[in-house]
Amino acid sequence: MIQEISVNTARRNEFKEITGEIQKAVSKGRLENGLCVVFVKHTTAGITINENADSSVRADILKRLTELVPLDAGYQHSEENSDAHIKASLMGFSVSVPVEKGRLLLGTWQGIYFCEFDGPRKRSLLVKLIQSP
Ligand code: ZN
């Protein structure tokens, strides 16, 4: 079973926590033990797992990504969003989280973040639940 989840972003660059939405999808899909795969269907947004307690970690990651990949650096792509494509590839387009007893087995300080780099937009991602044999 695949579930599609919508994410509305508010800024051009944004890390939006979606851990709650993903846990809801696990509960809705009644997965007890297995693997939850979350896949982003875009080329200018990605997904990652990182610190969920101190928001300055996300701010630092975004700041450093912007320094590494500036908005304008003589890119060939004509849509003026090459930085977004590069940053999305750096973050990646899927995460996999083990599930036990119906709960995502994230670490205490881990959250799942949708990484917007060309917002604000309405985005969508897929959640695929794989039952352990
Ligand atoms: Zn583009």
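The values are calculated or read from the model by the stated rules, or taken from the named source; none is laboratory data. Just so it is clear, the structure is predicted and the values come from calculations on it, not from any experiment. A quick note on method: Cβ atoms are made from the backbone with ideal geometry, for glycine too, and the neighbour counts reach across all protein chains shown. What goes into the accessible areas is simple: the full protein's heavy atoms, side chains included, and nothing from ligands, DNA or RNA. Shrake-Rupley method; radii C 1.70, N 1.55, O 1.52, S 1.80 Å.
What are the DSSP H helices in the chain that stretch 18 Å or more along their long axis, judged by alpha-carbon atoms, and whose average Kyte-Doolittle hydropathy comes to at least -0.5?
Membrane-span-like by this rule: 55-68.
In the chain, how many lysine pairs have Cα atoms under 25 Å apart, counting only pairs 8 or more places apart or on different chains?
Lysine pair count for the chain: 24.
Give me the percent of accessible area attributable to carbon and sulfur for the stretch 2-131, probe 1.4 angstrom.
Numbers: 3600 of 7140 Å².
Carbon-and-sulfur percentage of accessible area, whole number: 50.
Among the GluC sites (Glu not before Pro) in the stretch 72-130, which ones are in a DSSP loop with at most 11 other Cβ atoms within 10 Å of the Cβ? Mind listing them?
On the way: sites: Glu79, Glu80, Glu100, Glu116; in loops: Glu79, Glu80.
Here the GluC sites (Glu not before Pro) that fit, given the DSSP loop and packing criteria, are Glu79, Glu80.
May I ask you to compute the full-extension gain from Thr48 to Gln110, defined as 0.36 nm times their residue separation minus their alpha-carbon distance, rounded to one decimal in nm?
Values: separation 62, 0.36 × 62 = 22.32 nm, distance 1.00 nm.
Fully extending the segment from Thr48 to Gln110 adds 21.3 nm.
Starting from the residue with the highest accessible area, list Arg64, Arg30, Arg123 in decreasing order, probe 1.4 Å. If you can, show how the numbers build up before the last one.
Values: Arg64 135, Arg30 200, Arg123 5 Å².
Sorted descending by solvent-accessible area, the residues read Arg30, Arg64, Arg123.
Can you tell me, using C-alpha contacts under 8 Å and at least 6 residues apart, the relative contact order of the chain as a whole percent? Don't skip to the end; give the middle numbers.
Details: 272 pairs, mean separation 71.5, N = 133.
Over the chain, the number comes to 54 percent.
Does a label point 7 Å from the Cα of Ser6, set along Cα-to-beta-carbon, have any residues of the stretch 103-130 with amide nitrogen under 14 Å, and which are they?
Within reach of a label on Ser6: 121-125.
Can you pull a Stokes-Einstein diffusion coefficient for the chain at 37 °C (0.692 mPa s), Rh from Kirkwood over Cα pairs, as a whole number of µm²/s?
Details: Rh = 15.4 Å.
For the chosen part, D equals 214 µm²/s.
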